[in-house]
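All remarks here apply to the structure that follows.
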Amino acid sequence: MKFFIDTANLDQIADAQDMGILDGVTTNPSLMAKEGITGGENIINHYKKICELVDGDVSAEVISTDFEGMVREGEALAALNDQIVVKLPMIKDGVKACKYFTDKGIKTNVTLVFSAGQALLAAKAGATYVSPFIGRLDDISTDGLHLIAEIRMIYDNYGFDTQILAASVRHTMHIIDCAKLGADVMTGPLSSIEGLLKHPLTDIGLATFLADYKKGNS
Ligand code: E4P
């Protein structure tokens with residue numbers, strides 16, 4: 001299972017990369033704005049910085065909603081670095097643009113996916129990644145994890161290569177449940193990744209080992 005971090009915060013990206021477990025980064029216009037990164041040039045420079053920090057795929061989202069605009073933006077983003085994955089919204093022109101980039105050998109991430117039908121369309125268009133937003137489904141009392149299971153079944157039925165990128169992950173249990181269900185990738189905040197480290201018995205056990213070592217060596 002690949003681990004992506006879902007942020008545009010360079011310190012957090014560097015922190016996760018430093019741990020040695022990071023496979024990539026996802027961003028979106030809201031995450032960029034949260035870091036105060038606005039305006040075309042600043043956003044482009046920020047993507048370059050992110051690519052320098054990590055080894056893996058970096059999803060960069062287009063803001064156009066028409067095919068021509070998505071192609072223009074996506075081509076410019078893809079030209080920045082081989083690590084860039086063009087992130088496209090799940091709308092009709094987004095599907096068309098996905099097929100366009102697939103045919104050109106450019107990686108894509110179809111985002112804002114909330115149903116199995118949308119995920120099927122993304123796979124038909126040859127998406128590298130499909131991003132079902134599980135947290136936002138949970139927010140409206142709909143089981144986000146059920147969607148991951150449905151997409152897994154459909155993709156396995158037909159051998160689609162599109163990777164299921166569980167997005168809108170909010171906490172550690174989301175990661176564990178996605179792993180059980182066979183999501184190929186998860187993207188979440190640093191806190192959700194660091195949450196996997198925690199167990200009180202680990203802390204108690206370590207404290208005991210250190211205390212016993214001190215006793216034996218004093
Ligand atoms: C996915 O690529 C999105 O950036 C993200 O996971 C959205 O998460 P949110 O619902 O917590 O905003």
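Below, the figures for the structure above:
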read-out: Residue check, ALA166 small (Gly, Ala, Ser), in contact with a helix residue (DSSP H, G or I) (Cβ under 6 Å, 6 or more places away or on another chain) and within 16 Å of the ligand (Cβ to nearest atom); value: yes
read-out: Residues of segment 150-189 that turn out to be hydrophobic (A, V, I, L, M, F, W, C), without any contact (Cβ under 8 Å) to a residue 40 or more places away in the chain and touching an Asp or Glu at 6+ places or on another chain (Cβ under 9 Å), as a count; value: 1
read-out: Any chance VAL71 is within 28 Å of GLY135 (Cβ to Cβ) and open to solvent by less than 30 Å² (accessible area, probe 1.4 Å); value: no
read-out: Residues of segment 186-218 classified as away from the ligand (no atom under 16 Å from the Cβ) and in a helix (DSSP H, G or I), total; value: 20
read-out: Filter result (part of a loop (DSSP other than H, G, I, E, B), more than 30 Å from ASP138 (Cβ to Cβ) and among the basic types (Lys, Arg)) within segment 67-123; value: LYS104
read-out: Residues that are closer than 22 Å to GLY195 by Cα, open to solvent by less than 50 Å² (accessible area, probe 1.4 Å) and not aliphatic (A, V, I, L, M), drawn from segment 156-177; value: SER168, THR172, HIS174, ASP177
read-out: Any hit, segment 27-40, residues being open to solvent by 30 Å² or more (accessible area, probe 1.4 Å), touching a Lys or Arg at 6+ places or on another chain (Cβ under 8 Å) and either away from the ligand (no atom under 13 Å from the Cβ) or at pLDDT 95 or above (or both); value: no
read-out: Boolean, ALA123 is within 21 Å of ILE21 (Cβ to Cβ) and in contact with a strand residue (DSSP E or B) (Cβ under 9 Å, 6 or more places away or on another chain); value: no
read-out: Residue satisfying condition, being out of contact with any strand residue (DSSP E or B) (no Cβ under 9 Å at 6 or more places or on another chain) and within 16 Å of the ligand (Cβ to nearest atom), within set LEU137, LEU112; value: LEU137
read-out: Candidate set: segment 50-66, residues that are touching a Pro at 6+ places or on another chain (Cβ under 9 Å) and among the hydrophobic types (A, V, I, L, M, F, W, C); chosen: the one most open to solvent (accessible area, probe 1.4 Å); value: ILE63
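The values are calculated or read from the model by the stated rules, or taken from the named source; none is laboratory data. Because the structure is predicted, anything quoted here is derived from the model rather than measured. Methodologically, a virtual Cβ is constructed for each residue, glycine included, from the backbone with ideal geometry; neighbour enumeration extends over all protein chains shown. Each accessible area value is taken on the protein alone, full model and side chains, heavy atoms only, with ligands, DNA and RNA left out. Shrake-Rupley method; radii C 1.70, N 1.55, O 1.52, S 1.80 Å.
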